[in-house]
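The values are calculated or read from the model by the stated rules, or taken from the named source; none is laboratory data. What you see is a predicted model; the values in this text were computed from it and never measured. In this analysis, Cβ positions are derived from the backbone assuming ideal geometry, glycine residues included, and neighbour counts consider all displayed protein chains. These area figures cover heavy atoms from the full protein model, side chains too; ligands, DNA and RNA do not enter into them. Shrake-Rupley method; radii C 1.70, N 1.55, O 1.52, S 1.80 Å.
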Amino acid sequence: MSKPVEIYAHRGCSGEFPENTMAAFEAACKIGADGIELDVQMTKDGEVVVIHDEQIDRTTNGIGFVKDFRYKQLKLFDAGSWFHPKFSRQTIPSLQDVLDLIKTSDSEMKVNIELKNDVLLYEGMEEKVLQCVQRSGMMDSVILSSFNFKSMGRMRELDNEIQTALLFEGIPSNIMEEARKVRANGLHSEASFAVSAAGKRTVEAGYPLRVFTVNQTDKLEDLARSGVSALITDYPGLFLENKSVPF
Ligand code: G3P
Ligand code: MG
């Protein structure tokens with residue numbers, strides 16, 4: 001018996017490319033990942049951009065908060081050299097650019113958009129993200145997630161069909177109740193939750209469970225046996241050869 005587990009490239013193939021850049025997402029397409037995960041913040045002029053941190057300091061040659069720059073200003077920064085000088089031409093992509101890349105890659109790839117609105121609330125971000133997804137024609141391929149459960153509730157108010165997921169750490173006992181409250185479809189957890197009794201109950205209840213961030217193959221069989229739907233990893237290449245896990 002075997003259980004296929006989907007492999008999502010975390011921030012693109014971020015183990016080998018600068019995270020959340022076009023180079024990292026192009027690599028994920030090339031390697032045949034089942035999906036990508038990316039993080040979004042919002043600029044001063046309301047553009048949804050793909051970057052993990054609220055500030056640009058760690059992953060670009062600039063300093064300051066994303067929310068204090070206009071999109072055109074942000075595009076001037078180098079988002080690749082911090083990782084390796086050969087990526088000096090990489091910039092912070094817009095969400096629209098990444099969705100268009102996946103759309104035109106002719107693949108069936110899914111896109112997990114993580115709304116980074118748990119530190120800064122970014123009023124109106126849900127509407128902007130939804131507009132990007134609608135414009136790209138990728139409503140069926142996108143999964144929205146956030147540590148901000150209310151934001152996923154807001155998404156559900158805006159659209160009844162789009163896939164949403166709660167993102168959480170540890171082993172909360174009431175997560176299905178939280179998911180019901182905001183009508184979320186899926187759960188994104190750490191590996192410890194997936195192999196716990198609480199985690200297995202969510203799978204039995206029909207929630208797709210996607211696990212972050214798994215960078216070693218040693219837990220793969222246990223996770224597959226627990227019924228997880230997907231692994232989110234910095235190194236998709238490590239897992240793609242083991243997609244059908246015997247147990
Ligand atoms: O979406 C899963 C994972 O990306 C959450 O943590 O900090 O890597 O965005 P982080
Ligand atoms: Mg993330």
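At a glance:
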| quantity | calculated |
| --- | --- |
| Members of the stretch 159-172 found to be within 16 Å of ligand 2 (Cβ to nearest atom) and open to solvent by less than 40 Å² (accessible area, probe 1.4 Å), listed by number | Thr164, Ala165, Leu166, Leu167, Phe168 |
| Selection from the stretch 173-188 of residues that are crowded, with 17+ Cβ neighbours inside 10 Å and either within 16 Å of Gln163 (Cα to Cα) or modelled with pLDDT under 95 (or both) | Met176, Ala179, Val182, Ala184, Asn185, Gly186, Leu187, His188 |
| Residue among Ser145, Ser151 that is at pLDDT 95 or above, more than 20 Å from Ile7 (Cα to Cα) and not in a loop (DSSP other than H, G, I, E, B) | Ser151 |
| Residue satisfying condition, being touching a Leu at 6+ places or on another chain (Cβ under 7 Å) and surrounded by fewer than 20 Cβ atoms within 10 Å (Cβ to Cβ), within set Val228, Val203 | Val203 |
| Candidate set from the stretch 1-29 (those that are within 20 Å of Lys72 (Cβ to Cβ) and buried (at least 24 other Cβ atoms within 10 Å of the Cβ)); member that is nearest to ligand 1 (Cβ to nearest atom) | Asn20 |
| Any hit, the stretch 98-119, residues being outside any loop (DSSP other than H, G, I, E, B), over 18 Å from the mean Cα position of the chain (by Cα) and among the charged types (D, E, K, R) | no |
| Residue match in the stretch 30-40 (condition: within 14 Å of ligand 1 (Cβ to nearest atom), out of contact with any Asp or Glu (no Cβ under 7 Å at 6 or more places or on another chain), open to solvent by 20 Å² or more (accessible area, probe 1.4 Å) and within 22 Å of Leu231 (Cβ to Cβ)) | no |
| Flag if Val49 is within 15 Å of the chain's Cα centre (by Cα) and either crowded, with 21+ Cβ neighbours inside 10 Å or away from ligand 2 (no atom under 14 Å from the Cβ) (or both) | yes |
| Test: Arg156 is in a helix (DSSP H, G or I) and either within 16 Å of ligand 1 (Cβ to nearest atom) or over 23 Å from Thr43 (Cα atoms) (or both) | yes |
| Strands (runs of 3 or more DSSP E) completely within the stretch 187-247 that count 3 or more residues being touching a residue at least 24 places away in the same chain (Cβ under 8 Å) | 230-233, 244-246 |
| Residues (more than 21 Å from Leu187 (Cα to Cα) and crowded, with 22+ Cβ neighbours inside 10 Å) located in the stretch 102-124 | Ile102, Tyr122 |
| Hey, Phe147 among the aromatic types (Phe, Trp, Tyr), within 16 Å of ligand 2 (Cβ to nearest atom) and open to solvent by less than 60 Å² (accessible area, probe 1.4 Å) or not | no |
| Val111 touching a Gly at 6+ places or on another chain (Cβ under 9 Å) and either within 16 Å of ligand 1 (Cβ to nearest atom) or of a type in the set (Ser, Thr, Tyr) (or both) | yes |
| Test for Gln73: is it in contact with a Phe, Trp or Tyr (Cβ under 7 Å, 6 or more places away or on another chain), modelled with pLDDT of 95 or more and either surrounded by fewer than 18 Cβ atoms within 10 Å (Cβ to Cβ) or within 20 Å of Leu121 (Cβ to Cβ) (or both) | no |
| Per-region count, the stretch 5-23, residues within 14 Å of ligand 2 (Cβ to nearest atom) and among the charged types (D, E, K, R) | 2 |
